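See structure below.
The values are calculated or read from the model by the stated rules, or taken from the named source; none is laboratory data. As the structure is a computational prediction, the values presented were derived from the model and not from experiment. Here Cβ is always computed from backbone atoms with ideal geometry, including for glycine, and neighbour counts include all displayed protein chains.
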Amino acid sequence: MGWRFCSLKIFPNLQREEFDCRDEEINNYLKNLVETADEAGFSRTFLMILESGEAKVCGFYTLSASTIPVKELPDEYKQPLPFPIPAILIGQFAIDRVWQGQGISRLLLADAYPQ
């Protein structure tokens, strides 16, 4: 079984209507809001697609720029840092119900790490 990871920018017309992760808010995000967030630069969306037969979204995640406020850090790290620490936020993370429980989350996280 072949998988392909790609950015929404590379595959913008991919059929997403059948995606169902059992969370309507996240389903709605992928189906209706994801282009707006990507185009506005709020986040970048990465898709995991099953390549056999018709390309289908098995899972996805979004990455956004973020920061960690100094006040949120453990005491031993607060003193030398007068500014927030840059970070990457995984804002959305979902797997289609058909693929849940099969280790897909590890593959999605492994793909997110080098991004």
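Taken over region 76-114, the criterion of being more than 22 Å from Glu25 (Cα to Cα) and either touching a residue at least 40 places away in the same chain (Cβ under 8 Å) or in contact with a Cys (Cβ under 6 Å, 6 or more places away or on another chain) (or both) is satisfied by Leu107, Asp111. Does Glu35 count as in contact with a Pro (Cβ under 8 Å, 6 or more places away or on another chain) and either modelled with pLDDT under 85 or of a type outside the set (Phe, Trp, Tyr) (or both)? Against the criterion (in contact with a Pro (Cβ under 8 Å, 6 or more places away or on another chain) and either modelled with pLDDT under 85 or of a type outside the set (Phe, Trp, Tyr) (or both)), Glu35 qualifies.
Hey, any hits in region 7-24 for a residue that's at pLDDT below 90 and outside any loop (DSSP other than H, G, I, E, B)? Yes: region 7-24 contains one or more residues that are at pLDDT below 90 and outside any loop (DSSP other than H, G, I, E, B).
Restricting Pro74, Pro114, Pro84 to those that are touching a Ser or Thr at 6+ places or on another chain (Cβ under 7 Å) and modelled with pLDDT under 90 reduces the list to Pro84.
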